[in-house]
1. From the helices alone, meaning DSSP H stretches of at least four residues, give me the mean residue ellipticity at 222 nm for the chain, per-run term -39500 (n - 2.57), in deg cm²/dmol to the nearest 500.
2. Run the reach check for Lys177 against lysines, Cα to Cα strictly under 29 Å, same-chain hits fewer than 8 apart removed. What comes back?
3. Give the long-range amide H neighbours of Ile234: residues separated by 5 or more places, or on another chain, with amide H under 5 Å away, using H modelled in the peptide plane at 1.01 Å from N.
4. Considering the dipole of the chain built from charges on the beta carbon (Lys and Arg +1, Asp and Glu -1) around the Cα centre, which of Val289, Thr97, Ser20 is farthest to its positive end?
5. Treat every Asp and Glu Cβ in the chain as -1 and every Lys and Arg Cβ as +1, leave all other atoms uncharged, and give the resulting dipole magnitude about the Cα centre to the nearest 20 debye.
6. If I take all pairs of Cα atoms in the range 128-313, what percentage of them are more than 31 Å from each other?
7. Please arrange His199, His265 by how many other C-beta atoms lie within 10 Å of their C-beta, fewest to most.
8. Find which of Pro224, Gln275, Gly135 sits farthest along the positive direction of the dipole of the range 128-313, computed with +1 on the beta-carbon of Lys and Arg, -1 on that of Asp and Glu, about the Cα centre.
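No lab work stands behind these numbers, since they all come straight from the coordinates. Just so we're clear, the structure is a prediction, and the values are computed from it rather than from any experiment. Cβ atoms come from the backbone with ideal geometry, glycine included; neighbour counts cover every protein chain shown.
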Amino acid sequence: MTTTLELAEAIKDLDGKLRSIEAVLDVAKLRKDKAGLEEAASAPDLWDDQARAQQVTSRLSYVNSEINRVEGLRGRVDDASLLLELAEAEDDPSALTDVAEEITKLRKSIDELEVRTLLSGDYDAREALVSVRSGAGGVDAADFAEMLLRMYLRWAERHGYPTEVYDTSYAEEAGLKSATFAVKVPYAYGTLSVEAGTHRLVRISPFDNQGRRQTSFAAIEVVPVVEQTDDIEIPEDEIRVDVYRASGPGGQGVNTTDSAVRLTHIPTNIVVSCQNERSQLQNKATAMVVLKAKLLARKQAEEAAKIDALRGDVAGSWGDQMRSYVLHPYQMVKDLRTEHETGNPTAVLDGDIDGFIEAGIRWRKQRERAASES
């Protein structure tokens, strides 16, 4: 059994780690931000500008969540310390067991919060645009792409993060050719950027009447949402605009007008689409947001490539072939970069991916430190 002294040391360690996290997150500033946002949210003309109103309410929800999370952990650490004193005074073994169990839970929660402090990149605090695209593997790959879209939307739902699907291109037989959606919460980009790369699925194909094992692939792209401070200007003559009728599974019409919009950036041949709004103008505006985000990510990648060239970094992209989902002949999901794995792919595909994301963020931070020291 763990001794009282060991439990006291464990609580002391957790208290120190939490204090470091509180300092990095700057809880005092968060409280100040909360007061300002609450004042802005109570303004009678707030919803005259819907885009700004959504930004204010989303930011307020995020700040409240962060403050409540930190304050909740602080209260639990203090309560654990008090409970340990009472258990020691009353010589109560069952109370000591309760303290030990709470310390285990606290350590997990504080480690999860510590990951947030590792998100310090230029765009990490941004909202995210995520694209899912089917790769090699035919209809199985299209089905896998749809499984991954659901996985990320379920992950966001579990956390209470608002999402919006901008475009969905369905495959002929089943699944998706591609889809793009936004995760509208601060730090969504920094959090999800470690999910970018090629995902691989191995299973008995439900589309093969001979029941053979099939390997299929899907690609995930994650880019930060562009803000007004970003220098991303696109001349009108560099964009080709096509309009078409939105469609759903089976070719059924979603709209009866040509409201869906496809933008092609001629210099780079980047193509984006949006069909979630009924208005052609709204779809064009949303597609432009996605296009600017992809151009910002391209600019960021070019700058990173220059730095890597100066360092002599010739390693392939860390995002490529980053995770395998095996459903047959055994059950396992494994990240090929971090070695993090689980034997429960059903839970993972239902959105339980926090362990993979946290391992990815820590792995990336270690790589950045190693690169800066070389």
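1. Details: 9 runs with 186 residues, N = 374.
Counting only the DSSP helices, I get -17000 deg cm²/dmol.
2. Once the sequence-local lysines are set aside, what remains near Lys177 is Lys284, Lys292, Lys294, Lys299, Lys334.
3. Under 5 Å from the amide H of Ile234: no residue qualifies.
4. Val289
5. On the way: 46 positive and 65 negative charges, 269 e Å.
That gives a dipole near 1300 debye.
6. Values: 3632 of 17205 pairs.
It works out to 21 percent of all Cα pairs.
7. His265, His199
8. Checking the options against the dipole of the range 128-313, the answer is Gly135.
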